[in-house]
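Inspection log for the structure reproduced underneath, given as structure tokens.
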Amino acid sequence: MSEQERLLIVDDDEQFCFVMERAMRRRGYDVVVAHTQEEALNAAREMPPVLATLDLKLESDSGLKILPALLDIAPDCHVVVLTGYSSIATAVEAIKLGAVNYLCKPADADEILAALERESGDADVEIADNPPSVNRVTWEHIQKVLQEHDGNISATARALGMHRRTLQRKLQKRPVRR
């Protein structure tokens with residue numbers, strides 16, 4: 001790490017930001033915290049970050065929508081997308097849009113730094129012995145269809161053949177474990 005690399009943390013969870021900012025400052029990073037898309041892009045324009053963490057699900061925005069704009073401002077920035085709502089569809093899209101990695105929360109400072117510093121994939125990553133549960137496959141499918149409809153709940157519900165409120169209830173729940 002070069003002296004005082006700038007790290008941008010974009011997350012609407014103030015407690016997470018407080019803890020992560022403190023941990024990263026202790027590790028020698030110059031940390032800037034943003035809670036919204038507007039704050040994140042303004043901070044990046046003011047002084048482009050070298051590294052960034054980006055929450056997938058901000059209160060009013062998707063981190064995936066912010067990612068291309070952030071990389072337009074800071075093309076060499078290494079971005080890790082963090083989420084408590086992980087799915088294969090969002091992981092694939094994050095990487096396609098330019099993120100260097102994708103981590104499920106909770107993740108600690110060391111895990112995040114390791115993800116930010118990885119330059120390539122790991123061919124030795126463990127492959128699960130068991131296939132995902134039906135509930136997990138359902139969650140993944142909903143996320144994929146939601147992504148295809150640009151986050152539009154009504155269009156996604158129509159495509160899935162379910163009531164909009166039912167879909168909203170399913171989306172408010174945490175993703176099912178494998």
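The values are calculated or read from the model by the stated rules, or taken from the named source; none is laboratory data. Quantities reported herein were computed from a predicted structural model and do not represent experimental measurements. Note that each Cβ is placed from the backbone with ideal geometry, even for glycine, and that neighbours are counted across all protein chains shown. Note: areas computed on protein heavy atoms with side chains; ligands, DNA, RNA excluded. Shrake-Rupley method; radii C 1.70, N 1.55, O 1.52, S 1.80 Å.
Taking every residue in the range 101-123 that is at negative phi and in a helix (DSSP H, G or I) and pairing it with any residue that is surrounded by 10 or more Cβ atoms within 10 Å (Cβ to Cβ) and modelled with pLDDT under 85, at least 6 positions away or on another chain, yields no pair with a Cβ-Cβ distance below 6 Å.
Among the residues of the range 18-33, just one is over 18 Å from ALA115 (Cβ atoms) and either touching a Lys or Arg at 6+ places or on another chain (Cβ under 6 Å) or assigned to a loop (DSSP other than H, G, I, E, B) (or both), namely ASP30.
This table checks each residue for (1) closer than 22 Å to ALA109 by Cα; (2) without any contact (Cβ under 8 Å) to a residue 60 or more places away in the chain; (3) among the polar types (S, T, N, Q).
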site: GLN15; (1), (2), (3): yes, yes, yes
site: ARG22; (1), (2), (3): yes, yes, no
site: ALA52; (1), (2), (3): yes, yes, no
site: SER60; (1), (2), (3): no, yes, yes
site: ALA69; (1), (2), (3): no, yes, no
site: ALA99; (1), (2), (3): yes, yes, no
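Within the range 73-82, one or more residues are open to solvent by less than 60 Å² (accessible area, probe 1.4 Å) and over 23 Å from PHE18 (Cβ atoms).
In the range 42-50 there is no residue that is crowded, with 16+ Cβ neighbours inside 10 Å, in contact (Cβ under 8 Å) with a residue 60 or more places away in the chain and in contact with a helix residue (DSSP H, G or I) (Cβ under 9 Å, 6 or more places away or on another chain).
Candidates are the residues of the range 105-136 that are of a type in the set (A, V, I, L, M, F, W, C) and surrounded by 15 or more Cβ atoms within 10 Å (Cβ to Cβ); the one that is modelled with the lowest pLDDT is ALA107.
In the range 148-170, the qualifying residues are those that are of a type in the set (S, T, N, Q) and open to solvent by less than 50 Å² (accessible area, probe 1.4 Å), and the one that is farthest from GLU93 (Cα to Cα) is THR166. Within the set ALA40, ALA52, the sole residue that is part of a helix (DSSP H, G or I), at pLDDT 90 or above and within 17 Å of the chain's Cα centre (by Cα) turns out to be ALA40.
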